[in-house]
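A.B. asks: Mind having a look at this structure? Questions to follow.
The values are calculated or read from the model by the stated rules, or taken from the named source; none is laboratory data. All values reported here derive from a predicted model rather than from experimental measurement. With ideal geometry, Cβ positions are generated from the backbone for all residues, glycine too; neighbour counts draw on all protein chains shown. Side chains included, ligands, DNA and RNA excluded: accessible areas come from the protein's heavy atoms. Shrake-Rupley method; radii C 1.70, N 1.55, O 1.52, S 1.80 Å.
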Amino acid sequence: MTTRRPSFPAKLPGSSPVPAKKVTATLQPRTPPVAPSGVGLDSGAVRARMVQKLAAQGVSHHKVLAALGAVERHRFVDSALAGQAYEDTSLPIGLGQTISKPSVVARMIELMLDAPLWSQADANAHSNAKAPQRVLEIGTGCGYQAAVLSQVVREVYSIERLRGLHDKARENLRHFRLANVHLLMGDGMLGYAKGAPYAAIIAAAGGEAVPQAWIDQLAVGGRIVAPMQSATGQQALVVIDKTTHGLQQSVLETVHFVPLKSGIA
Ligand code: SAH
């Protein structure tokens, strides 16, 4: 039996993000859903609660909260797991991989927006300067973070090494019609030179070092946000800024991401 889910798409591509309250208000289904799904009849309300909790935990960028309020996370997991889609937890998406926790997605995007290049863009917003252009995501998985990013940045390039997940992300994202998300199949350790330079590179899988290709493909003023394994074997979130004077690296909190692997499969 197939279960029909309520259809109330995320914001249209190209529209600028709006504060969380407004987003949740505009995403109420206009027609009654046909059949109850695992998340109940009104996923907008459940999502709004998730956003409130994230805000209470310290997520403060309105763009990020609005994006998390707009993207229907339950569409990125199996229907059997849809009831857990708005809990702050990672969930299996097949092939041994997981969808990232909403709080981790929020954290990574906030770190990206805190980079000098992005703050400048925000400051210039009144003079009609365009937001930094392209962001590269390593590890599309089910496509959730790419969809969230699409609400915050102009162009998202997202690369996945597993064909099965690349196809799944394409399927998941079809519904949202996000013209600014470009899904790529390949080894993200090589980056994606054709889209470079990137204002930011965000990795959803952690290796032992940040590949040189990412540094090369990063714009000056840009920032890499990636999980990285330390000598003790623990994984931590690392931020690398490319400045005119060289690279600046900060090691932040412990995280738990799937491993960054080379090659495709
Ligand atoms: N961004 C996803 C998280 C996916 S989990 C989300 O929104 O929830 C991380 C993904 O990174 C996995 O799908 C894994 O296959 C992928 N991955 C690991 N190493 C990779 C590489 N070298 N290139 C591209 N993708 C990679």
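A.B. asks: Within 16 Å of the ligand (Cβ to nearest atom), closer than 19 Å to residue 139 by Cα and out of contact with any helix residue (DSSP H, G or I) (no Cβ under 6 Å at 6 or more places or on another chain) - does that describe any residue in the range 218-225? So that I can check it myself, show each step before the final result.
C.D. replies: The first filter runs over the range 218-225 and keeps only residues within 16 Å of the ligand (Cβ to nearest atom), leaving 224-225.
Narrowing further to those that are closer than 19 Å to residue 139 by Cα: 224-225.
Pick out the ones that are also out of contact with any helix residue (DSSP H, G or I) (no Cβ under 6 Å at 6 or more places or on another chain) and you get none.
No, there is no match, as no residue in the range 218-225 is within 16 Å of the ligand (Cβ to nearest atom), closer than 19 Å to residue 139 by Cα and out of contact with any helix residue (DSSP H, G or I) (no Cβ under 6 Å at 6 or more places or on another chain).
A.B. asks: Across the range 216-242, which residue is surrounded by the most Cβ atoms within 10 Å (Cβ to Cβ) among those that are of a type in the set (Val, Ile, Thr) and in contact with a strand residue (DSSP E or B) (Cβ under 7 Å, 6 or more places away or on another chain)?
C.D. replies: Applying the first criterion (of a type in the set (Val, Ile, Thr)) to the range 216-242 yields 220, 224-225, 232, 238-240.
Now restrict to residues that are in contact with a strand residue (DSSP E or B) (Cβ under 7 Å, 6 or more places away or on another chain): 220, 224-225, 238-240.
Details: 220: 11, 224: 28, 225: 22, 238: 22, 239: 18, 240: 19.
The extreme case among them is 224.
A.B. asks: Could you run through the range 97-109 and say how many residues are more than 8 Å from the ligand (Cβ to nearest atom) and small (Gly, Ala, Ser)? Full working, then the answer.
C.D. replies: Step one: of the range 97-109, the residues more than 8 Å from the ligand (Cβ to nearest atom) are 101-104, 106-109.
Subsequent filtering for residues that are small (Gly, Ala, Ser) retains 103, 106.
Counting residues in the range 97-109 that are more than 8 Å from the ligand (Cβ to nearest atom) and small (Gly, Ala, Ser) gives 2.
A.B. asks: Oh, and also: Just to be sure, is residue 125 at pLDDT 95 or above and either over 19 Å from residue 198 (Cβ atoms) or out of contact with any Leu (no Cβ under 6 Å at 6 or more places or on another chain) (or both)?
C.D. replies: Numbers: at pLDDT 95 or above: no; either over 19 Å from residue 198 (Cβ atoms) or out of contact with any Leu (no Cβ under 6 Å at 6 or more places or on another chain) (or both): yes.
So residue 125 fails the test.
A.B. asks: Among the residues of the range 244-265 satisfying the criterion of being among the polar types (S, T, N, Q) and touching a residue at least 24 places away in the same chain (Cβ under 8 Å), which is nearest to the ligand (Cβ to nearest atom)? Working first, answer last.
C.D. replies: Start the filter on the range 244-265 by keeping residues that are among the polar types (S, T, N, Q), which leaves 244, 248-250, 254, 262.
Those left that are additionally touching a residue at least 24 places away in the same chain (Cβ under 8 Å): 244, 262.
Values: 244: 29, 262: 6 Å.
Checked the range 244-265; the qualifying residue nearest to the ligand (Cβ to nearest atom) is 262.
A.B. asks: Look at the range 153-164 and say how many of its residues are closer than 27 Å to residue 66 by Cβ and buried (at least 21 other Cβ atoms within 10 Å of the Cβ). Let's see the steps before the verdict.
C.D. replies: Looking only at the range 153-164, we keep the residues that are closer than 27 Å to residue 66 by Cβ, and these are 153-160.
Filter again for buried (at least 21 other Cβ atoms within 10 Å of the Cβ), leaving 153, 156-160.
Qualifying residue count for the region: 6.
Conditions tested, residue by residue: (1) modelled with pLDDT of 95 or more; (2) closer than 27 Å to residue 133 by Cα; (3) basic (Lys, Arg); (4) out of contact with any Pro (no Cβ under 7 Å at 6 or more places or on another chain).
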| position | (1), (2), (3), (4) |
| --- | --- |
| 20 | no, yes, no, yes |
| 24 | no, yes, no, yes |
| 28 | no, no, no, yes |
| 33 | no, no, no, no |
| 44 | no, no, no, yes |
| 47 | yes, no, yes, yes |
| 54 | yes, yes, no, no |
| 64 | yes, yes, no, yes |
| 67 | yes, yes, no, no |
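A.B. asks: Here's another thing I want to ask about it. Answer with yes or no whether residue 205 is at pLDDT below 95, more than 12 Å from the chain's Cα centre (by Cα) and either open to solvent by 20 Å² or more (accessible area, probe 1.4 Å) or within 28 Å of residue 251 (Cβ to Cβ) (or both).
C.D. replies: Working: at pLDDT below 95: no; more than 12 Å from the chain's Cα centre (by Cα): yes; either open to solvent by 20 Å² or more (accessible area, probe 1.4 Å) or within 28 Å of residue 251 (Cβ to Cβ) (or both): yes.
The answer is no for residue 205.
A.B. asks: Any idea how many residues of the range 141-159 are within 9 Å of the ligand (Cβ to nearest atom) and over 24 Å from residue 86 (Cα atoms)?
C.D. replies: Here the count works out to 1.
A.B. asks: Now for a different question. Against the condition part of a strand (DSSP E or B) and within 12 Å of the ligand (Cβ to nearest atom), how does residue 202 come out, does it pass?
C.D. replies: yes
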